[in-house]
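Engineer: One structure coming up, written as structure tokens, with questions to follow.
The values are calculated or read from the model by the stated rules, or taken from the named source; none is laboratory data. Bear in mind the structure is a predicted one, so any value in this text is a computation, not a measurement. Cβ: placed from backbone, ideal geometry, glycine included. Neighbour counts: every protein chain shown.
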Amino acid sequence: MSSTQTTGGLSALELDRSRFPELHGGSLSVRIAETDDERDAAQALRYRVFYEEMGAHPSAETLRLKRDIDEFDSVADHLLVIDNAIASDARGVVGTYRLVQGDAAQKIGRFYSSNEYDITPLKEFPGRLLEVGRSCVDKNYRGRAAMQLLWRGIASYIFLHRIDLLFGCASLPCTDPDQIADELTYLYHNHLAPPALRVRALENRRVEMLRTDPHTLNVRRCLVGLPPLIKGYLRLGGYVGDGAVIDPQFNTTDVAILVKSELLADKYYRHYERRLRDALD
């Protein structure tokens, strides 16, 4: 162990935040994209999942390139799940998650979520922000192993960069809110963010979430109807914003998700502090 380590954690000298140690689970690993080819592979995977599989509506340029690309990609870190049994480079990319820190968003002038939500409360939040989005996994890898690696990667990233609040838009695969009325009501009634963090859907796009009597809900059925990613956020103590938003391009109904990193840290911190300390020594 380095002599510069402090008793309560890693010292600033020991913690090189530009280094993200690759984490492994069987043949899979998770790390940050390092090359243009790896970032391109993430965009190609997003296209296959969102457009070819889930029926999103591509622009002419998106269709020509067969890539899901927007302006935020150039300032983001791209978390990758790689199947090393295929290849340890871009050819092995089977999962991805886009991560945009506050200083990176400033280069664009906004966060992606501001297209759907008034995020003023987050701008006033006294801490480091991380917007997450564009999460997808190849259909042949949508089991526990890949999702666990993505969560491990996010936890490690949050630890390395001292993130205080994680947020983003999470999607339900439906554009008719009445078909998911119970799920939206459950989220609003049980997981609404406290006022200090309560982002609100833009008025011209806002869909009311409290759509049925919350006291008559079948909670188990509601949870079954929620995507695994949203359930993962909720298990970490996550909140939702006020109001949902229909995204016709991606055939989804979006909800704002917010997770204070201290809640994530309660679950992962001690484990990953040890793992990261060993990797960085």
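Engineer: Mind listing just one residue for me: the one in the stretch 108-152 that is part of a helix (DSSP H, G or I) and in contact with a Phe, Trp or Tyr (Cβ under 7 Å, 6 or more places away or on another chain) and, of those, nearest to Ala41 (Cα to Cα)?
Structural biologist: My answer is Leu150.
Engineer: Restricting to the stretch 27-53, and then to whatever is of a type in the set (Asp, Glu) and under 19 Å from Val100 (Cβ atoms), can you tell me which residue is surrounded by the most Cβ atoms within 10 Å (Cβ to Cβ)?
Structural biologist: Step by step, filter the stretch 27-53, then rank; the result is Glu38.
Engineer: Among all residue pairs at least 6 apart or on different chains, which show Cβ distances below 6 Å where the first residue, located in the stretch 134-152, is under 20 Å from Cys169 (Cα atoms) and the second is at pLDDT 90 or above and of a type in the set (Phe, Trp, Tyr)?
Structural biologist: Ser135/Tyr97; Leu150/Tyr97
Engineer: Residues of the stretch 32-54 being assigned to a helix (DSSP H, G or I), without any contact (Cβ under 8 Å) to a residue 24 or more places away in the chain and of a type in the set (Asp, Glu), which ones?
Structural biologist: Once the filter is applied, which keeps residues that are assigned to a helix (DSSP H, G or I), without any contact (Cβ under 8 Å) to a residue 24 or more places away in the chain and of a type in the set (Asp, Glu), the stretch 32-54 yields Asp36, Glu52.
Engineer: With the structure loaded, tell me whether Ala56 is surrounded by 17 or more Cβ atoms within 10 Å (Cβ to Cβ), out of contact with any Lys or Arg (no Cβ under 9 Å at 6 or more places or on another chain) and among the small types (Gly, Ala, Ser) or whether it fails that test.
Structural biologist: yes
Engineer: Which residues, counting only those in the stretch 192-205, are of a type outside the set (D, E, K, R) and not in a helix (DSSP H, G or I)?
Structural biologist: Answer for the stretch 192-205, where residues must be of a type outside the set (D, E, K, R) and not in a helix (DSSP H, G or I): Leu192, Ala193, Pro194, Val199, Ala201, Leu202, Asn204.
Engineer: Among (1) touching a helix residue (DSSP H, G or I) at 6+ places or on another chain (Cβ under 8 Å); (2) closer than 30 Å to Ala104 by Cβ; (3) among the charged types (D, E, K, R); (4) exposed (fewer than 15 other Cβ atoms within 10 Å of the Cβ), there is one condition Arg162 misses while meeting the rest; what is its number?
Structural biologist: Exception for Arg162: condition (1).
Engineer: Can you give me the number of residues within the stretch 86-107 that are in contact with a helix residue (DSSP H, G or I) (Cβ under 8 Å, 6 or more places away or on another chain) and assigned to a loop (DSSP other than H, G, I, E, B)?
Structural biologist: Here the count works out to 2.
Yes or no, residue by residue, for (1) within 30 Å of Asp83 (Cβ to Cβ); (2) not in a helix (DSSP H, G or I):
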{"position": "Ile154", "(1), (2)": "yes, no"}
{"position": "Phe159", "(1), (2)": "yes, no"}
{"position": "Ser171", "(1), (2)": "yes, yes"}
{"position": "Gln179", "(1), (2)": "no, no"}
{"position": "Thr185", "(1), (2)": "no, no"}
{"position": "Asn190", "(1), (2)": "no, no"}
{"position": "His215", "(1), (2)": "no, no"}
{"position": "Val224", "(1), (2)": "yes, no"}
{"position": "Gly232", "(1), (2)": "yes, no"}
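Engineer: Under 7 Å between Cβ atoms, which residue pairs at least 6 apart in sequence (or on different chains) link something in the stretch 82-106 that is among the polar types (S, T, N, Q) and buried (at least 20 other Cβ atoms within 10 Å of the Cβ) with a partner that is modelled with pLDDT of 95 or more and in a helix (DSSP H, G or I)?
Structural biologist: Thr96/Ala42; Thr96/Leu45; Thr96/Arg46
Engineer: Condition test on Ile163, is it in contact (Cβ under 8 Å) with a residue 12 or more places away in the chain, at negative phi, of a type outside the set (S, T, N, Q) and assigned to a helix (DSSP H, G or I)?
Structural biologist: So Ile163 does not fit the description; no.
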